[in-house]
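Undergrad: Please read through the structure below; I'll follow up with questions.
FYI, it's all coordinate maths here, none of it is from the lab. Fair warning: this is a prediction, and the values are worked out from it, not measured in the lab. Every residue, glycine among them, receives a Cβ derived from its backbone with ideal geometry; neighbour counts consider all protein chains shown.
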């Protein structure tokens, strides 16, 4: 047992246990895999390392601002103290026969009741501070804790667990997030939060809406306050337990149990709109605060946003929000004017699934500067993973369950972490579907990187792909050996020229007119006579036909070394004219002495190669696809080249991609003592195409994935070679024998001689074909 010391909120190592199938296991009795993962997260995730540190301060030890409030850094948060101090109203209601006060209502603001009532509103506007510790809660969190009962899990005396509606306890994760949202508002930024399931995101959002509806945002902004919440479908707004249902429950609770305004000028679930206030009998004049809350469905009634000037715009379930970027940009003019920011956009959600646009959320979340999002130092991912700055993160190990929190809401991270990893272990080895574990991880993430793993609909090994992507991102010298430039013709020979063009290493792009640049990871290898062997390299192309397009579709081409089974070059981009892209593909064929298989759906590339007298550089439709009943027949003319990308073909190509990615490769590495050892790694370990890795990780059936579609063609081509050579696709250059070795050919047919030197086909037809194309 290792000698480690953690702070008082954590279960000591020697006391850590986890229950598995009714049996209690000590830490050192858990599977080795679980123990290794436990120490990996504990040592390599800065936020976890800080939370368990014995040097983590108590809140009373923090420096304070001019108002005596502790200065809260949500990336280095303190240990919370005396949390029930901030729930005094709720505790009174619980213990006082469901009454907040026994004082008699009195409209005089100087009466005892008036002072009490005004103090509660003041705490909702400005927050509330414990002068003894300096700990304070924001106005939004104070309101939620005291005036927003929510569904909670409660254990009865007989051990059975039930869901009840009660005032929430203070949780440290919600405390941290409420300060993040408040700091974003003060800093004239917007807030993005990625979270695990079960962290009260909707309850907090519903509380924010109800506070603004009842008392306004601040003391000097109490009337005509507009708040909006938007989602991609109606069910995410008004179904039971969804945000507008929570909001209505909150304002109904206040109407029944408090002296806050109860009258409403409008209360329509059908129209998704509520307005506080009243009318006097016989008059159409509206009185009261006239604060409003409205639900907005993207593409349905988003015209409500036109001309709005709200103080709060919530984007509910942003992880599965379609057209998230478009909605976000539509809202920004409603809360910004020049450098002024008079309202806040708050987007939050959990990892998406195959029907989500989570890729957009991830792009905005990991690039906060570009979207005016309040950024935090990325202490939530493992060191070196992800970006340097991100939005806020609410991990699964915070407030995991009641057994993993103390009375003040501080999370027992060590205990929670062990329980989470043991749960993952059980899912991993108790299920035959790998997506089950991926879904579990992405819905209950320990790090943001885990949350962006696509949990459904992906055939690709996203976990391993993420690891490879992080290897590239963590090595600043990874691309030092990569050539970036263009291919040019010089006296009939294709040569490479370095340029300052920028390759596209991100996905998605914001402009479909971006040129990109050719990346060469390995130059063509030549034989003893300085020639690139025929058949060593193959090319896959996903073309486009139109010079202009309204979509984000790009042209993409990959080059594969069949002998090493590694990608050696890529170009992805959209030059001004489609012919320019075709020419890049043609020059790559000549440069690598290779043929190309392309997506036959579009005919422009066939016409271009025909005009350039280079049809021999386009590979014929593979015969084996007919044998596998993936195509009905092989056509003539432009239909005998390439492969049409039908659904069965694409699915088959995806399986080939997966097999190629996971193909085991043995390499030699040095161990800690400097000894050479054999290590087996997946073939994807050698991929240097960064954007391709991101496409494979984030693939879904709705977006453009041009690199993947080019890779489909390349894998179909590779499979043809695998079938032809019975799986032994890696071949050395062969010396000609028989007639091919005659001096006659060397002296009189020098060009044809090269074909014999690299001949790898045994059939008469292949022999004749090589003579034709030499």
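Undergrad: Measure of size requested: the Rg and Dmax of the stretch 206-286, with Cα atoms as the atom set and Å as the unit; please supply both.
TA: For the stretch 206-286, the Cα radius of gyration and maximum Cα-Cα distance read 13.2, 41 Å.
Undergrad: If you take the alpha carbon radius of gyration of the stretch 139-222 and divide it by 2.2 N^0.38 Å, what ratio comes out, to two decimals?
TA: For the stretch 139-222, the normalised Cα radius of gyration comes out at 1.24.
Undergrad: Viscosity 1.567 mPa s, temperature 4 °C: give me the Stokes-Einstein translational D for the stretch 530-619 in µm²/s, with Rh taken as the Kirkwood radius over C-alpha pairs.
TA: Rounded to a whole number, D works out at 97 µm²/s.
Undergrad: Here is a follow-up. Grab the eigenvalues of the alpha-carbon gyration tensor for the stretch 467-570, scale each by 5, take roots, and send me the semi-axes largest first in whole angstrom.
TA: After diagonalising the Cα gyration tensor, the semi-axes are 25, 20, 15 Å.
Undergrad: Moving to a separate point now. With a point put 7 Å past each Cα toward its Cβ, work out how far residue 28 is from residue 471 in nm, to one decimal.
TA: 3.4
Undergrad: Going by the alpha-carbon gyration tensor, a ≥ b ≥ c the square roots of its eigenvalues, is the stretch 349-441 rounded (a/c under 1.5) or, if a/c is not under 1.5, prolate (a/b greater than b/c) versus oblate?
TA: Oblate shape, in that a/c is at least 1.5 and b/c is the bigger or equal ratio.
Undergrad: For the stretch 61-182, what's the radius of gyration and Dmax over Cα atoms, in angstrom?
TA: Gyration radius and largest Cα-Cα distance of the stretch 61-182: 16.2, 50 Å.
Undergrad: Could I ask something else about it? Could you tell me the distance between the Cα centroids of the stretch 609-664 and the stretch 20-99, to the nearest Å?
TA: So the separation of the two Cα centres works out to 56 Å.
Undergrad: How big is the Rg/Rh ratio for the stretch 578-632, C-alpha atoms only, Rh by Kirkwood, two decimals?
TA: That ratio equals 1.03.
Undergrad: Rounded to the nearest 5, what % of DSSP beta bridges with both residues in the chain are antiparallel?
TA: In the chain, approximately 65 percent of DSSP beta bridges are antiparallel ones.
Undergrad: I need two numbers for the stretch 59-443: Rg to one decimal and Dmax as a whole number, Cα atoms only, in Å.
TA: Looking at the stretch 59-443, its Cα Rg and Dmax stand at 21.0, 71 Å.
Undergrad: Can you run the Rg to Rh ratio on the chain? Use alpha carbon positions and the Kirkwood inverse-distance Rh.
TA: Reported Rg/Rh, Kirkwood definition of Rh: 1.06.
Undergrad: How would you rank 137, 165, 311, going from fewest to most other Cβ atoms within 10 Å of each one's own Cβ?
TA: Listed from fewest to most nearby Cβ atoms, that is 165, 311, 137.
Undergrad: From the Cα gyration tensor of the stretch 100-259, with a ≥ b ≥ c the square roots of its eigenvalues, which class applies: rounded if a/c is under 1.5, or else prolate if a/b is larger than b/c, or else oblate?
TA: Cα axes put the stretch 100-259 in the rounded bin.
Undergrad: If you don't mind, another one. Mind checking the alpha-carbon convex hull of the stretch 285-421 and giving the volume per residue in Å³?
TA: Hull volume over Cα atoms, normalised by residue count, gives 187 Å³.
Undergrad: Now, a different point. Using the scaling law 2.2 N^0.38 Å as the reference, what is the normalised Cα Rg of the stretch 1-106?
TA: The reported ratio for this selection is 1.60.
Undergrad: Then there's this: Can you give me the orientation-averaged projected area of the convex hull built on the Cα atoms of the stretch 233-323, in nm²?
TA: If I average the Cα hull's projected area over directions, I get 7.4 nm².
Undergrad: Take the stretch 409-529, drop everything but the C-alpha atoms, weight them equally and run the Debye formula without solvent; then report log10 I(q)/I(0) at 0.09, 0.12, 0.13, 0.17 Å⁻¹ to two decimals.
TA: Ignoring solvent entirely, the Cα scatterers give -0.49, -0.73, -0.79, -1.02.
Undergrad: Can you report the principal axis dimensions of the stretch 570-673 using only the alpha carbons, biggest first, rounded to whole angstrom?
TA: 60, 35, 24 Å, listed from the longest principal axis down.
Undergrad: Can you give me the angle between helix 243-257 and the longest principal axis of the chain, using Cα atoms only, in degrees from 0 to 90, rounded to the nearest 10?
TA: 0
Undergrad: Here's another thing I want to ask about it. Give, in nm to one decimal, the length gained when the segment between residue 160 and residue 58 is fully stretched (0.36 nm per residue of separation minus the Cα-Cα distance).
TA: Gain on extension, residue 160 to residue 58, equals 33.3 nm.
Undergrad: Also, I was wondering about something else. Kindly state, to the nearest 0.05, the FRET efficiency for residue 71 paired with residue 626, given R0 = 45 Å and r defined as their beta-carbon distance.
TA: It comes to 0.05.
Undergrad: Compute the distribution of all C-alpha to C-alpha distances in the stretch 190-341, in bins of 10 Å from 0, and list the percent of pairs in each, rounded to whole numbers.
TA: Taking all Cα pairs of the stretch 190-341, the binned fractions are 10, 41, 36, 12, 1, 0 percent.
Undergrad: Can you divide the C-alpha Rg of the stretch 483-724 by 2.2 N^0.38 Å and report the result to two decimal places?
TA: Ratio of Rg to 2.2 N^0.38 Å for the stretch 483-724: 1.01.
Undergrad: Order by neighbour count: 258, 202, fewest other Cβ atoms within 10 Å first, most last.
TA: 258, 202
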